[in-house]
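Asks: Have a look at this one before I ask anything.
The values are calculated or read from the model by the stated rules, or taken from the named source; none is laboratory data. This structure is a prediction, so every number in the text was calculated from the model and none was measured. A quick note on method: Cβ atoms are made from the backbone with ideal geometry, for glycine too, and the neighbour counts reach across all protein chains shown. SASA here: full protein model, heavy atoms, side chains in, ligands and nucleic acids out. Shrake-Rupley method; radii C 1.70, N 1.55, O 1.52, S 1.80 Å.
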Amino acid sequence: TWANLRGTVQDHISSLNFGYRVKLREKGVTYLNKHGRFTDPHTLECTDSKGRKATVTAARFIIATGGRPAPLACPGAELAISSDDIFMKEEAPGKTCVVGAGYVALECAGFLTALKQGDVKVLVRSILLRGFDRDCVGYIERFMKEHGTKFEEGELPKSIEKLPSGKLLVHYGDKSEEFDTVLAAIGRTPDLSG
């Protein structure tokens, strides 16, 4: 069920994060989960989630900004969720439109199809899994189609609108279709805004 999958994934992620922090501490690495900005070449001003500021000085810094899912570029894009958000949903995603053709998009489409709690359609701008072995990609595509995932090739959403019913109406190509969830998985960008 969705509740079991959601809980298992959240527990696994929490366990991984805890394990990473323990390993870093064991190796003498200080981990700062803060926003930082350079005040000079050897000084960072760091701000935590409560707004408290501190400075850190060093000869060299390693910065791991992390990444955030790239947003869709269409009206109503804010109605879509990302792969980061999917396991935050209390209810099963239901009929889902997955936008993207990379491994994250196909992974999400695959497990959502397997849950059998709503149809899954993948909007593919050009080709699946660009840069991967084409024979393997063909096998993956055939397997997914045989198990119920639907694909619309050469398509991206033109717009997404929320209907009074709560459903999301996705306009793509010359078609419009209602979904319970729209999941954008079109890549990630470095988290540099802050």
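Asks: I need the full set of residues from region 59-106 which are open to solvent by 20 Å² or more (accessible area, probe 1.4 Å), among the β-branched types (V, I, T) and modelled with pLDDT of 95 or more, in order please.
Replies: Matches in region 59-106: I81, V104.
Asks: Given (1) touching a strand residue (DSSP E or B) at 6+ places or on another chain (Cβ under 9 Å); (2) open to solvent by 50 Å² or more (accessible area, probe 1.4 Å); (3) part of a helix (DSSP H, G or I); (4) over 18 Å from I186 (Cα atoms), where does T113 come up short, assuming only one miss?
Replies: Exception for T113: condition (2).
Asks: So for region 89-108 (the condition being among the basic types (K, R) and under 15 Å from the mean Cα position of the chain (by Cα)), does at least one residue qualify? It would help to see each step written out before you state the result.
Replies: Filtering region 89-108 for residues among the basic types (K, R) gives 89, 95.
Applying the additional criterion that residues be under 15 Å from the mean Cα position of the chain (by Cα) yields 89.
So far as region 89-108 goes, yes, one or more of its residues are among the basic types (K, R) and under 15 Å from the mean Cα position of the chain (by Cα).
Asks: Determine, yes or no, whether V98 is within 25 Å of T8 (Cα to Cα), of a type in the set (V, I, T) and either touching a Lys or Arg at 6+ places or on another chain (Cβ under 8 Å) or part of a loop (DSSP other than H, G, I, E, B) (or both).
Replies: Here the answer is yes, as V98 does meet what is asked.
Asks: Inspect all residues belonging to region 135-142 and state whether any of them is open to solvent by 50 Å² or more (accessible area, probe 1.4 Å) and of a type in the set (F, W, Y). Reasoning before the result, please.
Replies: Initial filter on region 135-142 (open to solvent by 50 Å² or more (accessible area, probe 1.4 Å)): 135-136, 139-140, 142.
After this cut, where a residue has to be of a type in the set (F, W, Y) as well, the list is 139.
Within region 135-142 (the criterion being open to solvent by 50 Å² or more (accessible area, probe 1.4 Å) and of a type in the set (F, W, Y)), the answer is yes, since at least one residue qualifies.
Asks: Answer yes if at least one residue in region 149-158 is in contact with a His (Cβ under 8 Å, 6 or more places away or on another chain) and at pLDDT 95 or above, and no otherwise. Talk me through it step by step, then tell me what you get.
Replies: So in region 149-158, the residues in contact with a His (Cβ under 8 Å, 6 or more places away or on another chain) come out as 157-158.
Checking the rest, the ones that are also at pLDDT 95 or above come to 157-158.
Within region 149-158 (the criterion being in contact with a His (Cβ under 8 Å, 6 or more places away or on another chain) and at pLDDT 95 or above), the answer is yes, since at least one residue qualifies.
Asks: Under 9 Å between Cβ atoms, at least 6 apart or on separate chains: pull out the pairs that start in region 54-69 with a residue that is over 22 Å from D85 (Cβ atoms) and end on any residue that is surrounded by 13 or more Cβ atoms within 10 Å (Cβ to Cβ) and of a type in the set (V, I, T).
Replies: Sorted first by the residue in region 54-69, then by its partner, the pairs are A54/T47; T55/T43; V56/T43; T57/T43; A58/T43.
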